[in-house]
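Below: the structure, in structure tokens.
All of the numbers you see were taken from the coordinates with simple rules; none came from a lab. It should be emphasised that the depicted structure is a prediction, and the values quoted were computed from it without experimental measurement. Here the Cβ is made from the backbone with ideal geometry for all residues, glycine too, and neighbour counts use every protein chain on show.
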Amino acid sequence: MKNLVIRAAPNISLNAAHYGHALLFLVSYWVAKALQGRAIVRIDWQLSTRGSMHRNANNQEKKQREIAFNRIYELAKLCGISEVIDEYGIRHPLDGVERPQKYRVFKDEENNVPIIYEYDWDTLDAKKLDEFLTKSSPELACLPLNSIDKKLPLIMEHTHICLSTFPKNQIKRLKELCIKTDQPPRRFHKAYCHMQMDRLLGVTHVMRGDDPHSNRINIHEKNINKEWGIPLFPVIKIPLIYSNGQKISASKEDGITGLFPTDRKDIENMIETVIKSEYLKYFLPEFDFEWFVTLLKSSNPILDAPIWSYKELSI
């Protein structure tokens, strides 16, 4: 498939780049390579990681963010990913190809809410654009804040300021949708912004683990598509990885943390664990792309494919 781009999107955290992310990155690469495309990793910001864009972060918090980014970057390199896009929107190539910036994520100085701007603004020259992205924007102060419902404080950051394609006249309907689905507006805004970032990056397919958090995101995206017609990306789901009866996760509240592959041998050991022995010949020592293409064309999606052993990792 020409120009196919598979996207995986881990949150930035000291617990990121675990074995679950390794499988996510690997399958993204397998699918993309088999279909003559490429796989990318777009890192999402996380509120608890203060070093990630928080303007008042101290040096230790910034160092923790740097460690988290490097872990994701190195794991992506091990798994055949073509580039990593950090939570600022800056592209870090792994395949030697320099690609133009498509957007930039910026935080308001007062409330540290992420705001997305398209990079190709023709209203600012390079110097003013740089100033705009590194300092609190005067445009923020010009917004009619009195017209914004204070019960929905994130609407201003995610609709009035970010990408211009969001229908501002639908704010009333958004509020109704929040009440109907019993979901805070920030979740719809986050889903919207992710859909737009993917669009700008040329993403064609999204890779996710089959967990409640990912399934919730799918629901928000479908609601946005239904209400405003913003196109959905096909979602490819994969099984989760467990150790000692717990899901390997980046969150202590969600599973077991601290389990990271560090080299190619760790990756191969993981493959031998999660792929049934009769199918390993297609994955190790070299990946059989032609065989995988046939698997992708079968009636089974990746999640339900017969290749998975569902064994727990022994770490």
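Does segment 14-56 classify as rounded, prolate or oblate by the C-alpha gyration tensor (a ≥ b ≥ c root eigenvalues; a/c under 1.5 gives rounded; else a/b over b/c gives prolate, otherwise oblate)? Cα axes put segment 14-56 in the oblate bin. Counting beta carbons within 10 Å around each of Leu313, Leu259, Leu232, Leu75 and listing the fewest first gives the order Leu232, Leu313, Leu259, Leu75. With R₀ fixed at 25 Å, the C-beta to C-beta distance from Leu296 to Glu98 puts the FRET efficiency at about 0.25.
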